[in-house]
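Have a look at the structure below before the remarks.
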């Protein structure tokens, strides 16, 4: 072999590089989130698309403002688009168009940029945006549930049209009707997503399908959703047997935003612990707080606040379960 | 002489630079009226207690100075409390417990300990006025942000249109909005340096 054609590159470590980078991961997540979005358009009509677009435009505009101030270019990494989509997934489908817009702006300008931008934020920006919307416009955030436009013979939408429209809202406000949610037909409707809820949360099936390739690529760690949902299932199972909650553990797992939160928000790389052990502690903590809010709290659903609270203790978890340094 | 006043407003602004007296600033800055009432109350107590403590300065034994300062301060707070109750009952009701709590306000005890007990009466009065105005401006700034965004009003008048006033950003009326507003003001203060 002619020595001049042999390409030997002399360089410092690292020698093995992964093809993954921030924008690749972010755009994969965006592609995955398209599936719940299509589901939301199918169940609730075009308003789901307009709300999502409004959230994305708000987040990207806010990111643009931050970029202009910092003279840094991060807008194409895709993280702002995810934040915008997730904020929009967290508002009821009947909400006014500017609601996800305002939430996304808060998410980027208050929860993300002042802490140093992507990689430094303490709280999940999308959930901080949701908490801001809940505090600012509780009326729009707790009303405006649309019954799915495709009933397909579900018993839940029958219950839903009475007053409150989400399964967990029924469980909280009309516990007598809640046993209807434990029937196989209702569970099937909740699994497919044929119930009332915020834009992106209702279909456990679509979220699961969307998350599987990401878990396979290790963009999201399987431990967080498995331990999170497992904790909720186990705790609500015990409490259901004790008669504390009218909903069966299956209904508790499938109702509300647990799947969306467990797969797409608790797994945010920035705001969840780094180590495997830390992730398990984080997920179990999320599960316990979710169940506590659902059963004893004032709100029907506790997924978003549980993840925000565990986001805050993430640095402490990371400090506690720090792995042994190699060689010591 | 002027320096004593300007220091209290800008260089040593009690809220935005020294970061003391944050409790009433966060709690009662919901409306412009409340903020003005609180600011004037603190301004009065601060000036009078600074003057009195400066006059008593030669007679106060070192070891029991704090109880004596507190008694002086609480005297003026009681006067303020009764006067406000009599002449501005609405604001007095809104401020509630935060008027009596001026007794333990860090700004007043801090100025007594750090300034009035070491200076002659005239600088002490000027320092009290300066710090009092500094506090009033800070809490007023908070109140303008919070009332404008949290209810679309300013001093009770709708300014951002009736449509906004019907669905304001409630967040700013709530405690987290106060923390955000004070963070923004402190950030702006540090930007100026």
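Quick note: the coordinates plus some simple rules give every number you see, no bench work behind them. Computed from a predicted structure; not experimentally measured. Every residue, glycine among them, receives a Cβ derived from its backbone with ideal geometry; neighbour counts consider all protein chains shown.
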Quiz item: To the nearest Å, what is the center-to-center distance of segment A:301-325 and segment B:139-191, using C-alpha atoms only?
Solution: 32
Quiz item: For A:198-210, what's the mean count of beta carbons from other chains sitting within 10 Å of each residue's beta carbon?
Solution: 0
Quiz item: In degrees, nearest 10, range 0 to 90: what is the angle between the Cα axis of helix B:65-87 and the longest Cα principal axis of chain B?
Solution: 40
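Rg/Rh for segment A:231-319: what does it come to with C-alpha atoms and Rh from Kirkwood? Don't jump to the answer; show the numbers that get you there.
On the way: Rg = 13.0 Å, Rh = 13.2 Å.
Result for segment A:231-319 is an Rg/Rh of 0.99.
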Quiz item: Per-residue mean of other chain beta-carbon atoms within 10 angstrom of the beta-carbon, peptide A:294-303?
Solution: 0
Quiz item: Give me the log10 of I(q) over I(0) for segment A:206-266 at q = 0.14, 0.20, 0.21 Å⁻¹, as the Debye formula computes it from C-alpha points; what are the numbers?
Solution: -0.42, -0.73, -0.78
Quiz item: Per residue Cα convex hull volume for segment A:22-142, in cubic angstrom?
Solution: 87
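Percent of alpha carbon pairs in segment A:155-320 separated by more than 30 Å? Please report the intermediate quantities before stating the final value.
On the way: 1957 of 13695 pairs.
Looking at segment A:155-320, the distances longer than 30 Å represent 14 percent of pairs.
May I ask for the Rg/Rh ratio of segment B:2-191, computed from Cα atoms with Rh as the Kirkwood radius, given to two decimals? It would help to have the intermediate numbers written out before the result.
Details: Rg = 17.3 Å, Rh = 17.0 Å.
Expressed as Rg/Rh, it is 1.02.
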Practice problem: Could you work out how far the C-alpha centroid of segment B:1-77 sits from that of segment B:84-129, in angstrom? | Solution: 4
Quiz item: Using the alpha carbon gyration tensor of segment B:1-97, what are the three equivalent-ellipsoid semi-axes (square root of 5 times each eigenvalue), largest first, in whole Å?
Solution: 25, 19, 12
Self-check item: Between helix B:32-56 and chain B: long-axis angle, C-alpha atoms, 0 to 90°, nearest 10
Solution: 10
Quiz item: Of B:18, B:43, B:55, which has the largest mean-square fluctuation in a 10 Å C-alpha GNM of chain B?
Solution: B:18
Practice problem: Name the most mobile residue of A:179, A:248, A:306, meaning the one with the largest mean-square fluctuation, in a Gaussian network model of chain A with Cα contacts below 10 Å. | Solution: A:179
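Taking the alpha carbon gyration tensor of the protein assembly as shown, what are the square roots of 5 times its eigenvalues, largest first, to the nearest whole Å?
Details: eigenvalues 509, 195, 100 Å².
Listed largest to smallest, the semi-axes of the protein assembly as shown are 50, 31, 22 Å.
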Quiz item: Cα centroid distance between segment A:3-53 and segment A:190-225, in Å?
Solution: 17
Exercise. Please build a GNM for chain B, connecting alpha carbons under 10 Å apart, and tell me which residue among B:182, B:144, B:97 fluctuates the most.
Key: B:97
Quiz item: Taking R0 as 45 Å, what's the FRET efficiency between residue A:7 and residue A:312 from their Cβ-Cβ distance, rounded to 0.05?
Solution: 0.35
